[in-house]
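Here you go, one structure.
Nothing in this text is a laboratory measurement; each read-out follows from the coordinates by a stated rule. Not measured: the values here are computed from a predicted model. Here the Cβ is made from the backbone with ideal geometry for all residues, glycine too, and neighbour counts use every protein chain on show.
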Amino acid sequence: MNHTILFYIIIAILLIDTLWGWLLEELNRRSWAEKVPERLADVYPQEKFEKQKQYRKVNHRFGKISSTFSLVVLLVFLWFNGFAVVDDLVMKLTDHWLWRPLFFFAAIGFASFLIGLPFSVYQTFVIEEKFGFNKTTPKVFVLDQLKGLLLGAVIGGLLLALVVWFYHVAGEWFWLYAWGGLSLFMIFFSKFYTTLILPLFNKQTPLEEGELRTAIENMSKRAGFTLDNVYVMDGSKRSTKANAFFSGFGKNKRIVLFDTLINDLETNEIVAVLAHEIGHFRLKHIIWSTVLSVLQTGLTLFLLGWFVNEPALSQALGVEEPVFHIGLIGFGILYSPVSGILGLGMTIFSRKNEYQADAFAGEHANPEALQSALKKISANALSNPTPHPWFVFFNYSHPPLLKRLEALDDVKR
Ligand SMILES: [Zn+2]
């Protein structure tokens, strides 16, 4: 294939992707409600709803500015053969088969971190601060960034080194080895996430004995779930927004409650939220999403193995002598429509699972309590009560609040 045509295909994909995002945003903006939906009137007093409107306006504008900015930066970078320039600089240091791609991605990764930094500062300390969500101190923020960078360098560096090494030793079958390696890593990561990674950022303490713990234990017995680990995490260190999640498997499985959730909700509501999380486990959603991401990774690597040696891929990005890491970047952009479609399948699957977990919670805990919990969590986070159906279809991993409330009405009957 001609590399000039490939270059313009790459540009077209980036443009279409951003325009598509804007179209969905615009549709969503037009479906904003001026008045509180009746069902949410009790959690959204008029004053709070006005605040919600302001919040979505500010976020809408911010999203437009940041996506325009990243598009422009990327286009300018591509136009001036930025990847080839960086690769040339790296070549002055080393042309070793392993160090060259590692340094290359370290440079690209660090540059994109620096470009994104002002945006995340603004998001945290201006937007979230203004609406009273932010609890992150500058010190916590700086430490978070440093730990994130270090973790990205260690984990990203190891995985990249593994893939490059397989490519170096295994030739055309490298994708198969890489698939095995990455799948093992994904399984290891999800098993040990709460014991190895999360402690770097948050403190978790076992939920203490008392009314809440007893209520949770009774519910989990009814739900046929052996509950060993319920932890409370200091989410309030960063934000007032509340959450709960389930993580790991085998002995490492653990339910983590944000302390903010305990502050905002009544006991029976917390129990209902946890019943929903247990539902994800009992209904095997966690295993299935792991299987699907392993399959997805396999497909991606298979296609990568097919295309990465195509010289036009490197040449389209301005590098004459085809090389793996430049081919990887070109592939990444060309593949993004495919991964978008696969991602869409995953969000559809995820929304279906959310309904099932809600129904499970309705059966094993109190459906009304879950409804009021969902309403409170959503209103406290100033979530948009009336998203556009298309925006939901393409972006939402969870069904919108009103739909979940309706589905729970059916469970009650
Ligand atoms: Zn869920």
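Compute the Cα gyration tensor for segment 346-395, then decide on rounded, prolate or oblate, letting a ≥ b ≥ c be the square roots of its eigenvalues: rounded whenever a/c is under 1.5, prolate when a/b is larger than b/c in the other cases, and oblate in all that remain.
Values: a/c = 3.06, a/b = 1.24, b/c = 2.47.
Oblate shape, in that a/c is at least 1.5 and b/c is the bigger or equal ratio.
For each of PHE307, PHE80, count neighbouring Cβ atoms within 10 Å of the residue's Cβ, then give the residues from fewest to most. Intermediate results must be reported in sequence, preceding the final value.
Details: PHE307 16, PHE80 11.
Ordered by Cβ neighbours within 10 Å, fewest first: PHE80, PHE307.
How charged is the neighbourhood of ILE270? Take every other residue with its Cβ under 12 Å from the Cβ of ILE270, and add Lys/Arg as +1 and Asp/Glu as -1. If you can, show how the numbers build up before the last one.
Values: positive: ARG213, LYS376; negative: GLU211, ASP259, ASP264, GLU266, GLU269, GLU277.
After counting each charged neighbour, the total is -4.
For a quick check: with amide H placed at 1.01 Å from N, whose amide H comes under 5 Å from VAL232's, ignoring anything fewer than 5 positions away on the same chain?
For VAL232, the qualifying residues are THR205, LEU207, LEU257.
Let me ask something else. Give the residue from GLN145, VAL164, ILE115 lying farthest towards the positive end of the charge dipole for segment 101-198; charges sit on Cβ (+1 for Lys and Arg, -1 for Asp and Glu) and the dipole is referred to the Cα centre.
The one lying farthest along the dipole's positive direction is GLN145.
When the chain is fully extended, how far beyond the present Cα-Cα distance does PHE249 get from MET346, taking 0.36 nm per residue of separation? Display every interim value, and only then the final one.
Numbers: separation 97, 0.36 × 97 = 34.92 nm, distance 2.06 nm.
Taking PHE249 through MET346 to full extension adds about 32.9 nm, to one decimal.
A further question on this structure: Calculate one ³J(HN,Hα) per residue across segment 401-411 by plugging θ = phi - 60° into the Karplus curve 6.51 cos²θ - 1.76 cosθ + 1.60, and present them in order as whole Hz with x for glycine and proline.
Per-residue couplings from phi come out as 3, 4, 5, 5, 5, 4, 4, 6, 4, 5, 5 Hz.
Taking neighbour counts of Cβ atoms within 10 Å as a proxy for exposure, in what order, fewest first, do LEU93, LEU283 appear?
Values: LEU93 10, LEU283 15.
Exposure proxy ranking, most exposed first: LEU93, LEU283.
Along the charge dipole of the chain, which of ASN353, GLY248, GLN371 sits closest to the positive end, that is, farthest toward it, with unit charges on the beta carbon of Lys, Arg, Asp and Glu (+1, +1, -1, -1)?
Toward the positive end, the furthest listed residue is GLN371.
Go through segment 17-75 and name the trypsin sites (Lys or Arg not before Pro) that are in a DSSP coil and have 10 or fewer other Cβ atoms within 10 Å of their Cβ.
Working: sites: ARG29, ARG30, LYS35, ARG39, LYS48, LYS51, LYS53, ARG56, LYS57, ARG61, LYS64; in loops: LYS35.
Counting only loop positions with at most 10 other Cβ atoms within 10 Å, the trypsin sites (Lys or Arg not before Pro) in segment 17-75 are LYS35.
Additional query: Applying the Karplus parametrisation 6.51 cos²θ - 1.76 cosθ + 1.60 with θ = phi - 60° to the phi angles of segment 250-267, what ³J(HN,Hα) value in whole Hz is obtained for each residue in order, glycine and proline being reported as x?
Calculated HN-Hα couplings, in order: x, 5, 8, 6, 8, 9, 10, 9, 6, 4, 5, 5, 5, 6, 8, 10, 7, 3 Hz.
Would you mind checking LYS130/LYS251; LYS35/LYS352; LYS64/LYS241 for any pair whose Cα atoms are more than 31 angstrom apart?
Numbers: LYS130/LYS251 42 Å; LYS35/LYS352 29 Å; LYS64/LYS241 23 Å.
Result: LYS130/LYS251 exceed 31 Å.
Oh, and also: Kindly provide the GluC sites (Glu not before Pro) of segment 228-322 that DSSP labels as loop, not H, G, I, E or B, and whose Cβ sees at most 10 other Cβ atoms within 10 Å. List each step's numbers first, then the result.
Details: sites: GLU266, GLU269, GLU277, GLU320; in loops: GLU266, GLU320.
Taking segment 228-322 and a limit of 10 other Cβ atoms within 10 Å, the loop GluC sites (Glu not before Pro) found are GLU320.
Around ASN252, under 11 Å between beta carbons, what's the net of Lys plus Arg minus Asp minus Glu among the other residues? Present the calculation step by step, with values, prior to reporting the outcome.
Values: positive: LYS191, LYS251, LYS253, ARG254; negative: ASP228.
Neighbour charge sum, excluding ASN252 itself: +3.
Okay, moving on. Once R0 is set to 45 Å, what does the formula 1/(1 + (r/R0)^6) return for the Cβ-Cβ distance between PHE307 and PHE201, expressed as a FRET efficiency to the nearest 0.05? Working shown, then result.
On the way: r = 37 Å, r/R0 = 0.81.
With a Förster radius of 45 Å, E is 0.80.
Output the 0 to 90 degree angle, nearest 10, between the alpha-carbon long axis of helix 157-170 and the longest principal axis computed from the alpha carbons of the chain.
50
Just to confirm the filter: which GluC sites (Glu not before Pro) across segment 1-98 are DSSP coil and have at most 14 other Cβ within 10 angstrom of their Cβ?
Numbers: sites: GLU25, GLU26, GLU34, GLU38, GLU47, GLU50; in loops: GLU34.
Here the GluC sites (Glu not before Pro) that fit, given the DSSP loop and packing criteria, are GLU34.
Given Cβ point charges of +1 (Lys, Arg) and -1 (Asp, Glu) and nothing else, what value in debye, to the nearest 20, does the dipole of the chain about its Cα centre take? Display every interim value, and only then the final one.
Working: 38 positive and 36 negative charges, 126 e Å.
It works out to roughly 600 debye.
Across 20 Å bins from 0, what is the distribution of all Cα-Cα pair distances for the chain, in whole percents?
Histogramming the chain at 20 Å steps yields 21, 55, 23, 1 percent.
Have a look at GLY180, PRO101, PRO400 and report the one farthest towards the positive end of the charge dipole of the chain, computed about the Cα centre with Cβ charges (Lys/Arg +1, Asp/Glu -1).
After comparing all options, I get PRO400.
Quick one: helix 211-222 against the long Cα principal axis of the chain, what's the angle to the nearest 10°, folded into 0 to 90?
80
Under 20 Å from a label point 7 Å along Cα→Cβ of PHE188: give me every residue in segment 142-172 with its amide N that close.
Flagged as within label range: 148-170.
Same structure, new question: Cut-off is 10 Å between beta-carbons; in what order do MET219, MET346, MET1 appear when sorted fewest neighbours first? Mind dumping the intermediate values first?
Values: MET219 22, MET346 15, MET1 12.
Starting with the residue having the fewest Cβ neighbours, the order is MET1, MET346, MET219.
Given points 7 Å out from each Cα along the Cα-Cβ axis, report the ASN2 to HIS168 separation in nanometres with one decimal.
Roughly 3.8 nm, to one decimal.
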